[in-house]
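The structure appears right after this line, and notes come after that.
Taken together, the values in this text are just the output of simple stated rules run on the coordinates, not laboratory data. These numbers were taken from a predicted model, which means no experiment stands behind them.
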Amino acid sequence: MNTNSYANPGWNFDNSYARLPGTFYTRVNPEKAPAPELVIINEGLAESLG
């Protein structure tokens, strides 16, 4: 996946919480997951995505 895919994921995401006053949320930087693992998979979606 290239950076263009991140800029236009193909669906409309409205980050409406970011427009609220600062008392309603706190900005944080993402952190890496120490040991990511697949817990559940949507077989139908995986098949439709190829």
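A compact table of results
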| read-out | value |
| --- | --- |
| Note, ³J(HN,Hα) from phi for segment 28-36, Karplus 6.51, -1.76, 1.60, rounded to Hz, x at Gly and Pro | 9, 7, x, 10, 6, 6, x, 8, x |
| Table column - 3J(HN,Hα) (Hz), segment 16-24, Karplus curve with 6.51, -1.76, 1.60, x for Gly and Pro | 5, 5, 5, 8, 6, x, x, 6, 9 |
